[in-house]
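Each remark here refers to the structure printed beneath this line.
Only the coordinates and a few stated rules stand behind these numbers; no lab work does. Values in this document were obtained by computation on a predicted structure and should not be read as measured data. Ideal geometry is used to build each Cβ from the backbone, glycine not excepted, and the neighbour counts take in all protein chains shown.
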Amino acid sequence: MVVQDSQADRAMVSVLIATLNEEDGISKVLPAIPRELIDEVLVVDNSSDRTAQIAEQLGANVIREPRTGYGRAIHTAIENASGEILVYIDGDFTYDPTEIPRLLEPVRQGRYDLAIGNRLKEHSNHASMPLLNRIGNRILSEIFAAIYRVSVSDTQCGLRVLRRSPLLEHPYHNYGMAYVTEQLIRQVRAGYRIAEIPVSYRPRLGRSKLRPFLDGVRILWTMLRMWPQH
């Protein structure tokens with residue numbers, strides 16, 4: 001069902017950030033968020049550094065999540081969010097928070113149910129993303145597009161805007177990096193109108209937590225495991 005513009009414009013917006021030792025990045029991300037468009041910023045943290053303290057000092061609501069996993073942190077953020085419209089962004093400053101309005105607008109206006117960034121379309125991003133990650137992302141996205149018959153060119157992009165209400169209807173099988181892939185499959189099945197918007201991408205600040213081979217295998221397994229149910 002298409003959401004009317006008047007209803008969509010009144011919807012609260014929550015920014016969700018999962019962090020694990022991102023004290024360098026979070027101090028850059030939070031000040032750059034366009035607060036005039038955002039009702040709350042939730043940082044879900046499992047760090048041993050000063051990430052949580054810095055986030056609190058910069059006005060974010062911080063939730064401590066002792067359970068590990070990127071998906072677990074995002075799920076906890078969804079459970080605690082006040083907004084109906086959610087913005088996912090990473091805490092390592094790879095994504096530019098000033099680009100949030102470009103993804104937020106089509107969802108807020110009710111023209112799309114999900115706006116997902118596309119890092120692979122911009123050639124200038126290639127130097128910022130390790131070659132192995134770039135190849136892996138492209139392969140996973142092409143497999144996803146082929147088996148689920150939907151055009152999504154960068155399924156692993158961590159900058160996206162979506163609606164909260166359907167996200168907690170079912171339990172998830174994977175609360176690691178594959179969480180958002182499982183979520184995307186559910187959204188495709190539900191007939192979500194998906195917008196892809198080119199976004200910029202920078203070298204991360206701090207150490208990467210991504211395990212390219214292991215996480216890639218788990219993401220691929222999630223696609224294949226859920227495929228027969230499609």
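Just to check your reading of the model, which residue among Ala60, Ala11, Ala32 is under 29 Å from Pro106 (Cα atoms) and buried (at least 21 other Cβ atoms within 10 Å of the Cβ)? Steps first, answer last, please.
Details: Ala11 fails: buried (at least 21 other Cβ atoms within 10 Å of the Cβ); Ala32 fails: buried (at least 21 other Cβ atoms within 10 Å of the Cβ).
The match here is Ala60.
Among the residues in segment 164-184, are any under 26 Å from Val15 (Cα atoms), part of a loop (DSSP other than H, G, I, E, B) and among the basic types (Lys, Arg)?
yes
Being of a type in the set (Val, Ile, Thr) and either more than 15 Å from the chain's Cα centre (by Cα) or surrounded by fewer than 19 Cβ atoms within 10 Å (Cβ to Cβ) (or both) is the filter here; which residues of segment 90-115 pass it?
Selection gives Thr98 alone.
How many residues does segment 185-209 hold that are in contact (Cβ under 8 Å) with a residue 24 or more places away in the chain, of a type in the set (Gly, Ala, Ser), part of a loop (DSSP other than H, G, I, E, B) and within 25 Å of Arg163 (Cβ to Cβ)?
So the count comes out to 2.
Answer yes or no: is there a residue in segment 110-125 that is of a type in the set (Asp, Glu) and closer than 21 Å to Val41 by Cα. Talk me through it step by step, then tell me what you get.
To start, the set of residues in segment 110-125 that are of a type in the set (Asp, Glu) comprises 113, 122.
Then drop every residue that is not closer than 21 Å to Val41 by Cα, which leaves 113.
Looking for residues that are of a type in the set (Asp, Glu) and closer than 21 Å to Val41 by Cα, one finds at least one in segment 110-125, hence yes.
Can you give me the number of residues within segment 196-230 that are hydrophobic (A, V, I, L, M, F, W, C), within 30 Å of Thr98 (Cβ to Cβ) and surrounded by fewer than 19 Cβ atoms within 10 Å (Cβ to Cβ)?
2
Regarding segment 69-92, can at least one residue be identified that is closer than 29 Å to Asn174 by Cα, among the charged types (D, E, K, R), touching a residue at least 40 places away in the same chain (Cβ under 8 Å) and in a helix (DSSP H, G or I)? Give the derivation first.
Initial filter on segment 69-92 (closer than 29 Å to Asn174 by Cα): 69-92.
Right, trim to among the charged types (D, E, K, R) and you get 72, 79, 84, 90, 92.
Okay, now just the ones that are also touching a residue at least 40 places away in the same chain (Cβ under 8 Å), so 72, 79, 84, 90, 92.
Filter once more, keeping what is in a helix (DSSP H, G or I): 72, 79.
Within segment 69-92, one or more residues are closer than 29 Å to Asn174 by Cα, among the charged types (D, E, K, R), touching a residue at least 40 places away in the same chain (Cβ under 8 Å) and in a helix (DSSP H, G or I).
Take the residues in segment 134-163 that are part of a loop (DSSP other than H, G, I, E, B) and within 15 Å of the chain's Cα centre (by Cα); name whichever of them is surrounded by the fewest Cβ atoms within 10 Å (Cβ to Cβ).
Per the criteria, the residue is Ser153.
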